[in-house]
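In what follows, a single structure is set out as structure tokens and then discussed.
The values are calculated or read from the model by the stated rules, or taken from the named source; none is laboratory data. Here the structure is a predicted model, which is why all the values come from computation and not from measurement. Ideal geometry is used to build each Cβ from the backbone, glycine not excepted, and the neighbour counts take in all protein chains shown.
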Amino acid sequence: MSLRAPLIDGFGRRINYVRLSVTDRCDLRCTYCMSERQTFLPRTSLLSFEEMERLSLFLIDRGVERLRITGGEPLVRKGVLDFLLRLGEQVHNGRLKELTLTTNGTLLAGAVPTLVAAGIGRINVSLDSLDPETYRRITRGGDLTQVLDGIALAQAAGIRIKLNVVVLAEDNRRDIPAIVQFAHARGMDVSLIETMPLGDEIAGREDQFVSVTDVLADLRSFWHVDGVNDATGGPARYYRVAETGGRLGLITPLSHNFCDTCNRVRITCTGQLYMCLGQDDHVDLRAALRDDPTTTALDTALDGALAAKPRAHEFFIAGAGLERPARVHAPARTMSLTGG
Ligand code: SAM
Ligand code: SF4
């Protein structure tokens, strides 16, 4: 239970969910996320794990109940497993309701015992194809076997898995039914994600955009897919596939349908707090952490950030056939920096 003022934004939304990116680095170079020769931040600009732990404890004190660790690829940063174990203490003492992780799965197999010890009961794994060649092409070099082995070990250890699939018109649209079948046969949920206009230098993304509504129509040509009411405060709409019995989330970041119930903020690996995935406004928590050993500067920074959390985001991809928002806006940073 939190004893300090909870985080309430200017629209009365209670912020109880934080995504914390621990690195901008990654062992893959997914075409929609990074450029082939991605440059990364100097390590000195990253928050140390000690700083991240201090920040996390502070956020828990202010009523954050769910924490998702992401990246970049969170499992590539040295020391991350110890960090997860320390956060896990907050799960075990009941102050944190849930600790989760988003990973590309390449290093998952070796991390499973730590995840279990840290009380992580559920993770998201990104998997855009079950065909080794397509997977290698989309990720620019990834080895599908490593990911499948990690998934199998995590499941065997009792960790629930949701697969995240970014749908790309040319690369994997036709693979979606096989991925859904694979996931549902193993008790995993699947989220199909539209490409988001994040990052300036990722070529070809607009050409690969496919609306998840069109993917839903593909699936409905041979399956019964009905909407279910599973509100999470996030950007997904949920469906149930009658033939597989499994759950399917469609994530449409380009629509504004989820903003009103948005309960989350994101913190980059350099300690920048973004109130909204679709906006550039942010607040520097690193300065607050480094300049003031007490919580005063952090409190001031966070309260200022919350007052400024926008009501809704504005995304736009030219030619995507979407209604143009009043202000056209595509943030310059990539998902690997902000955290997915
Ligand atoms: N490396 C981890 C992974 O891939 O799961 C965690 C970080 S990754 C940035 C988080 C999620 O963001 C992944 O599911 C990825 O597919 C998604 N993502 C990255 N760039 C995206 C984009 N431009 N549009 C939509 N989703 C994107
Ligand atoms: Fe790495 Fe995840 Fe981005 Fe792929 S989506 S390049 S795995 S950070």
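Going residue by residue through region 47-57, is there one that turns out to be hydrophobic (A, V, I, L, M, F, W, C), assigned to a strand (DSSP E or B) and touching a helix residue (DSSP H, G or I) at 6+ places or on another chain (Cβ under 7 Å)?
No, region 47-57 contains no residue that is hydrophobic (A, V, I, L, M, F, W, C), assigned to a strand (DSSP E or B) and touching a helix residue (DSSP H, G or I) at 6+ places or on another chain (Cβ under 7 Å).
Which ones in region 38-78 are under 19 Å from ARG286 (Cα atoms), more than 20 Å from the chain's Cα centre (by Cα) and of a type outside the set (A, V, I, L, M)?
PRO42, ARG43, THR44, SER45, SER48, GLU50, GLU51, ARG54, PHE58, ASP61, ARG62
Looking at region 15-37 only, could you name the residues that are within 16 Å of the chain's Cα centre (by Cα), within 11 Å of ligand 1 (Cβ to nearest atom) and either of a type in the set (Asp, Glu) or more than 23 Å from GLN146 (Cα to Cα) (or both)?
ARG19, ASP24
Any chance region 126-140 includes a residue that's within 30 Å of LEU59 (Cα to Cα), at pLDDT 95 or above and touching a strand residue (DSSP E or B) at 6+ places or on another chain (Cβ under 9 Å)?
yes
Check region 89-107 and report whether any residue there is free of Cβ contacts under 8 Å to residues at least 24 places away in the same chain and either under 22 Å from ILE193 (Cα atoms) or among the basic types (Lys, Arg) (or both).
Checking region 89-107: not a single residue is free of Cβ contacts under 8 Å to residues at least 24 places away in the same chain and either under 22 Å from ILE193 (Cα atoms) or among the basic types (Lys, Arg) (or both).
Yes or no, residue by residue, for (1) under 21 Å from GLN208 (Cβ atoms); (2) within 16 Å of ligand 1 (Cβ to nearest atom):
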site: LEU115; (1), (2): no, yes
site: SER129; (1), (2): yes, yes
site: PRO132; (1), (2): yes, no
site: ARG186; (1), (2): no, no
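Out of region 21-41, which residues are assigned to a loop (DSSP other than H, G, I, E, B), of a type in the set (S, T, N, Q) and surrounded by 19 or more Cβ atoms within 10 Å (Cβ to Cβ)?
Residues satisfying the conditions are THR23, THR31.
Take THR106 and decide whether it is closer than 23 Å to LEU302 by Cβ, within 14 Å of ligand 2 (Cβ to nearest atom), among the polar types (S, T, N, Q) and modelled with pLDDT of 95 or more.
Spelling it out, it is not the case that THR106 is closer than 23 Å to LEU302 by Cβ, within 14 Å of ligand 2 (Cβ to nearest atom), among the polar types (S, T, N, Q) and modelled with pLDDT of 95 or more.
How many of the residues in region 42-52 are touching a residue at least 24 places away in the same chain (Cβ under 8 Å) and surrounded by fewer than 17 Cβ atoms within 10 Å (Cβ to Cβ)?
2
ILE202 fails exactly one of the following numbered conditions: (1) of a type in the set (Val, Ile, Thr); (2) modelled with pLDDT under 90; (3) touching a helix residue (DSSP H, G or I) at 6+ places or on another chain (Cβ under 9 Å). What is the number of that condition?
It is condition (3) that ILE202 fails.
Is it fair to say LEU107 is aliphatic (A, V, I, L, M) and either over 15 Å from the mean Cα position of the chain (by Cα) or under 29 Å from THR261 (Cα atoms) (or both)?
In short, yes.
Which numbered condition in (1) of a type outside the set (Phe, Trp, Tyr); (2) at pLDDT 80 or above; (3) buried (at least 17 other Cβ atoms within 10 Å of the Cβ) is the only one that CYS276 fails?
The failed condition is (2).
Going through region 121-140 one residue at a time, which ones are surrounded by fewer than 19 Cβ atoms within 10 Å (Cβ to Cβ), within 16 Å of ASN172 (Cα to Cα) and more than 10 Å from ligand 2 (Cβ to nearest atom)?
Within region 121-140, LEU130, ASP131, PRO132, GLU133, THR134, ARG136, ARG137 qualify.
Would region 112-120 turn up any residue that is surrounded by fewer than 15 Cβ atoms within 10 Å (Cβ to Cβ) and modelled with pLDDT of 95 or more?
Yes, that holds for at least one residue.
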